[in-house]
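Take a look at the structure below.
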Amino acid sequence: MLNLKVFAVAVLLLSSQAFAGRIVYKTKYSSGGVDRKGGDETKNAGRITDEQRDTILKDIGTWSENKISASVHELTDILTVRSAEVETKLEATTANQNAEHLVKQHI
């Protein structure tokens, strides 16, 4: 009986994961970093449903006055929300936080 319950829970968890993708926020910065040539600041922000992903892809430009874009990597199903390039890593971190806040306001 216990095995059946464990199996049922496992099936539910796996099926719920099949319909969810990951969301990542990225902002490029132009100065600082290891080589003093800038880099990308990335924030992994968990999972979203397919419906949420589609809404973000369709509306992120409108929400942000076209300052933020979104795209999906086909092989990994990761949604990347990318802000406009900034100068410093601190500004990039802030831009990622602002983008995440904007998305959370709308989904």
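The number of residues in segment 78-107 that are among the hydroxyl-bearing types (Ser, Thr, Tyr) and closer than 27 Å to residue 51 by Cβ comes to 2. Which of (1) over 12 Å from the mean Cα position of the chain (by Cα); (2) not in a helix (DSSP H, G or I) does residue 105 not meet, given it meets every other one? Looking at each condition in turn, residue 105 falls short on (2). Which of the residues that make up segment 23-43 are among the hydrophobic types (A, V, I, L, M, F, W, C) and either touching a helix residue (DSSP H, G or I) at 6+ places or on another chain (Cβ under 8 Å) or assigned to a strand (DSSP E or B) (or both)? Once the filter is applied, which keeps residues that are among the hydrophobic types (A, V, I, L, M, F, W, C) and either touching a helix residue (DSSP H, G or I) at 6+ places or on another chain (Cβ under 8 Å) or assigned to a strand (DSSP E or B) (or both), segment 23-43 yields 23, 24. Scanning segment 44-78 for residues that are of a type in the set (Val, Ile, Thr) and in contact with a helix residue (DSSP H, G or I) (Cβ under 9 Å, 6 or more places away or on another chain) gives 48, 55, 56, 60, 68, 72. Considering the conditions (1) over 15 Å from residue 90 (Cβ atoms); (2) buried (at least 16 other Cβ atoms within 10 Å of the Cβ); (3) touching a Lys or Arg at 6+ places or on another chain (Cβ under 6 Å), residue 24 is excluded by exactly one of them, (3). The residue of segment 48-59 that is farthest from residue 107 (Cα to Cα), among those that are surrounded by fewer than 14 Cβ atoms within 10 Å (Cβ to Cβ) and in contact (Cβ under 8 Å) with a residue 24 or more places away in the chain, is 50.
Kindly indicate whether any position in segment 10-17 is in a loop (DSSP other than H, G, I, E, B), modelled with pLDDT under 95 and surrounded by fewer than 17 Cβ atoms within 10 Å (Cβ to Cβ). For segment 10-17, residues in a loop (DSSP other than H, G, I, E, B), modelled with pLDDT under 95 and surrounded by fewer than 17 Cβ atoms within 10 Å (Cβ to Cβ): absent. Residues in segment 60-74 that are surrounded by 14 or more Cβ atoms within 10 Å (Cβ to Cβ) and in a strand (DSSP E or B): 68, 69, 70, 72. The requirement of being more than 18 Å from the chain's Cα centre (by Cα) and at pLDDT 95 or above is satisfied by residue 86. In segment 84-107, the residues that are more than 13 Å from residue 28 (Cβ to Cβ) form Cβ pairs under 9 Å with partners that are acidic (Asp, Glu) and surrounded by fewer than 16 Cβ atoms within 10 Å (Cβ to Cβ), at six or more places apart or across chains, as follows: 106/59; 107/51. Within segment 76-91, the set of residues being surrounded by 15 or more Cβ atoms within 10 Å (Cβ to Cβ) and in a loop (DSSP other than H, G, I, E, B) comprises 88 only.
The values are calculated or read from the model by the stated rules, or taken from the named source; none is laboratory data. Just so we're clear, the structure is a prediction, and the values are computed from it rather than from any experiment. All Cβ positions, even for glycine, are placed from backbone atoms using ideal geometry, and neighbour counts span all protein chains on display.
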